[in-house]
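*Asks:* Next up is a structure, given as structure tokens.
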């Protein structure tokens, strides 16, 4: 079964060559830009597609007769394709987690600091010829509320605790020691000076932070989302930012990616943006691509590669 890595950019290609081993199945690399309408042509004859973060519309996938497996690099496939609809077409979507918990958590903390100290805004000001020191927020002693206490959320909580923050959390399920005091979601929203969103996107969590919950956020709080854009009601978030009730948002993920430059979020002074880059470290990329290749090996019937 032939395999195509549909969206391996130049940076990832260097990492891929580093992790691909002689006994791994052959993988064809595509690093040229493409539109959704190009997918049937690009995937013609390929049974396996490795997908970093490209949209796979169902109507295009219907035209890919040979395709049987999509190996999505990460956990958020549902943001980019209709997994159930693809399953009905006989296409299995494979995902995996845990490859970059530390990378995403560290990026979350970086956005938290950037929001608290207005770093991006001051940087833009200096480059435009304005010398305007802005007053920020000191994080030590503040309350950090972590929504979603999986691997990433627990790592965010660990770093926040090490910074001297008071950490509380909320999780969809209760299992074992989650490492921080667990509170009701409304209590977390009303009590936290900084909120870190670290939930997986499912049918149950889509628009988890809806207008009602966003209205319960403590006035002046910072919201950081490195999980999925669809977890948040975008219109209600914009309203909260425009009113100043939400002091600042640090966003790495969006409802539609890439974010268009004329999008309201891209024009707001109290929003700090990054381009879905939280998991982009060399260490995480090595883990990511090795895990993807191991899934391809399993599909092809090859034994697992020792770690």
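*Asks:* Just the residues that are outside any helix (DSSP H, G or I), on the phi < 0 side of the Ramachandran plot and at pLDDT 95 or above, please, taken from the stretch 145-164.
*Replies:* Taking the stretch 145-164 as the starting set, the residues that turn out to be outside any helix (DSSP H, G or I) are 145-150, 163-164.
Next, only the ones that are on the phi < 0 side of the Ramachandran plot stay: 145-147, 149-150, 163.
Listed by number, the residues that qualify are 145, 146, 147, 149, 163.
*Asks:* Let me ask you something else. Out of all the residues in the stretch 269-307, which are modelled with pLDDT of 95 or more, farther than 24 Å from residue 47 by Cα and over 21 Å from the mean Cα position of the chain (by Cα)?
*Replies:* 269
*Asks:* Among 186, 210, 203, 193, which is free of Cβ contacts under 8 Å to residues at least 12 places away in the same chain, on the phi < 0 side of the Ramachandran plot and assigned by TED's automatic domain parsing to the domain that holds residue 150?
*Replies:* Every option except 203 fails the conditions.
*Asks:* Please work out which residue is nearest to residue 281 (Cα to Cα), limiting yourself to the stretch 1-25 and to residues that are part of a loop (DSSP other than H, G, I, E, B), modelled with pLDDT of 95 or more and under 25 Å from the mean Cα position of the chain (by Cα).
*Replies:* Of everything passing the filter in the stretch 1-25, 8 is nearest to residue 281 (Cα to Cα).
*Asks:* Separate question: Being more than 22 Å from the chain's Cα centre (by Cα) and closer than 14 Å to residue 193 by Cβ is the filter; apply it to the stretch 150-175 and report the residue that is surrounded by the fewest Cβ atoms within 10 Å (Cβ to Cβ).
*Replies:* 164
The values are calculated or read from the model by the stated rules, or taken from the named source; none is laboratory data. Predicted model, so just to flag it, every value in this text is computed and none were measured. Note that each Cβ is placed from the backbone with ideal geometry, even for glycine, and that neighbours are counted across all protein chains shown.
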